[in-house]
1. Condition check: open to solvent by less than 20 Å² (accessible area, probe 1.4 Å) and not small (Gly, Ala, Ser). Does Leu55 satisfy that?
2. Does Leu150 meet the test of being outside any helix (DSSP H, G or I), under 20 Å from Glu35 (Cα atoms), open to solvent by 20 Å² or more (accessible area, probe 1.4 Å) and of a type in the set (A, V, I, L, M)?
3. Check whether at least one residue in segment 91-113 is within 11 Å of the chain's Cα centre (by Cα) and modelled with pLDDT of 95 or more, and report yes or no.
4. If you take just the helices (runs of 4 or more DSSP H) that sit entirely in segment 1-81, which of them hold at least 3 residues that are among the acidic types (Asp, Glu) and within 14 Å of His141 (Cβ to Cβ)?
5. Which members of segment 90-127 meet the condition of being surrounded by 24 or more Cβ atoms within 10 Å (Cβ to Cβ) and small (Gly, Ala, Ser)?
6. Against the condition at pLDDT 95 or above, more than 17 Å from Phe117 (Cβ to Cβ) and not polar (S, T, N, Q), how does Tyr81 come out, does it pass?
7. Pick from segment 64-90 the residues that are among the acidic types (Asp, Glu) and under 14 Å from the mean Cα position of the chain (by Cα): which of them is farthest from Ala120 (Cα to Cα)?
8. Could you please let me know if Met32 is more than 13 Å from the chain's Cα centre (by Cα) and more than 16 Å from Val132 (Cα to Cα)?
Amino acid sequence: MNAPEIAELEQQESRFVLSHFTYDDAWALGTMLVELARDRHAPVAIDIRRGGQQLFHAALPGSTPDNDAWIDRKRRVVERYGCSSLLVGSRFHAKGTTFEDSSRLDPDMYAAHGGAFPIAVEGAGVIGTVVVSGLPQVEDHAMVVEALELFLAK
């Protein structure tokens, strides 16, 4: 699976601005992600946060503590840049460099690899993150996007 183009990644973010995001919304989105992952036997960990509070976390069979470390690193990229971790990495690649070489951020703390997506609310901006870790980065990202599409359709 190839990474989406930058324009498509930016369009995804503008499409997924929510009217609100509650504790119940975090549960619903997280549950959707768990169901998608179980249907595919995907060995992932899932994390949803609003501000500094973890609202949802699940680790499915085959995931490891390393997935939680990746979640933290990808989540920090979204918190710092305000956009998906895949978009941040893609923008660095478009400039002919890598996030690791040019961001000046500690790669043990930040990873611009796909799978972390901003939770944005109308009138408030980015208020949280939804992260999947355990698959190749483009597939992690695609799973989050699919769940957000299902969430908005409900």
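1. no
2. Considered against the rule, which asks whether it is outside any helix (DSSP H, G or I), under 20 Å from Glu35 (Cα atoms), open to solvent by 20 Å² or more (accessible area, probe 1.4 Å) and of a type in the set (A, V, I, L, M), Leu150 comes out as no.
3. Looking for residues that are within 11 Å of the chain's Cα centre (by Cα) and modelled with pLDDT of 95 or more, one finds at least one in segment 91-113, hence yes.
4. Hits in segment 1-81: 6-15.
5. Once the filter is applied, which keeps residues that are surrounded by 24 or more Cβ atoms within 10 Å (Cβ to Cβ) and small (Gly, Ala, Ser), segment 90-127 yields Ala111, Ala112, Gly114, Gly115, Ala116.
6. For Tyr81, the condition - at pLDDT 95 or above, more than 17 Å from Phe117 (Cβ to Cβ) and not polar (S, T, N, Q) - is not met.
7. Among residues in segment 64-90 that are among the acidic types (Asp, Glu) and under 14 Å from the mean Cα position of the chain (by Cα), the one farthest from Ala120 (Cα to Cα) is Asp68.
8. So Met32 fails the test.
The values are calculated or read from the model by the stated rules, or taken from the named source; none is laboratory data. Note that this is a predicted model, so its numbers are computed, not measured. Using ideal geometry, Cβ is built from the backbone for each residue, glycine included, and neighbour counts are taken over all protein chains shown. Ligands, DNA and RNA are excluded from the accessible area calculation, which covers all protein heavy atoms including side chains. Shrake-Rupley method; radii C 1.70, N 1.55, O 1.52, S 1.80 Å.
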